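**Q** I have a structure here, written as structure tokens, and I will follow up with some questions on it.
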Amino acid sequence: MWTDALSLKGKRLDVYGRADTYVSLTNTIPELSRFTVCIDLRFVGARSSDWMAFSCITKTTFLGREDIDLGLAGDHQQLIVYNLGKTFYIRYHLTPFQWHTICLIWDGVKGRLELFLSKERILVMIDQPQNLAPNGALVLGHFHKKGDDHVKGMVPRFTSSLYYFQLWDHILGNEEFMKCLSGNVVSWEEDVWFINKIIPTVDMRVRCGE
């Protein structure tokens, strides 16, 4: 494991679904009443493969999907959104071998959840107003691994590439999603990432790589 926190500027993460390969944030996520989170995803696995783009967990008592406070997962047929203890399944075919920018917006004052694929809104839900709890542990690529090795059986097997995770403490307009804006809570480009058994790949073709 590389002990120093790194920036991922201009680099993508190729993730192969192993339990011991992941990227984690050095600090925790604060409490947020509103947020916008975006990530670029390229799904390159088999048709039956699952993928987990990111997950943020505040509870540490039991490892399970219901404990994911914020997350994005899916397979070739659907997107799975985890938001404040609830899980939403959205049937949507992501074209493989293409980059997709996926953004999730939560307005905890209004209780409004929105999901965007590039600039297209594909989900809007009204839910109970609440905040994202503080001290969230963020991991890219798979479920958090805590405790025994049996957790490995819960990790989805997938092959995907991840890029440009950004988190803001406010709501962005959809015209801003494709701009090269750096998250003011978490930024892909800051030295805040711990890399475990993944070699980030320099990719001059990704957007915002300059």
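The values are calculated or read from the model by the stated rules, or taken from the named source; none is laboratory data. All of these numbers come straight from a predicted model, not from anything done at the bench. Virtual Cβ from ideal backbone geometry, glycine too; neighbours counted across all protein chains shown. Side chains included, ligands, DNA and RNA excluded: accessible areas come from the protein's heavy atoms. Shrake-Rupley method; radii C 1.70, N 1.55, O 1.52, S 1.80 Å.
**Q** Report the extension gain between Val109 and Arg207 in nm, rounded to one decimal, defined as 0.36 nm multiplied by the number of residues separating them, less their alpha carbon distance.
**A** Values: separation 98, 0.36 × 98 = 35.28 nm, distance 3.25 nm.
Result: 32.0 nm gained on full extension.
**Q** A further question follows. Spin-label point model (7 Å from Cα, Cβ direction): what's the Ile90 to Asp191 distance in nm?
**A** It is 3.6 nm.
**Q** Still on this structure, please answer the following. Heavy-atom accessible area of Lys110 with all protein chains present, probe 1.4 Å, nearest 10 Å²?
**A** 140
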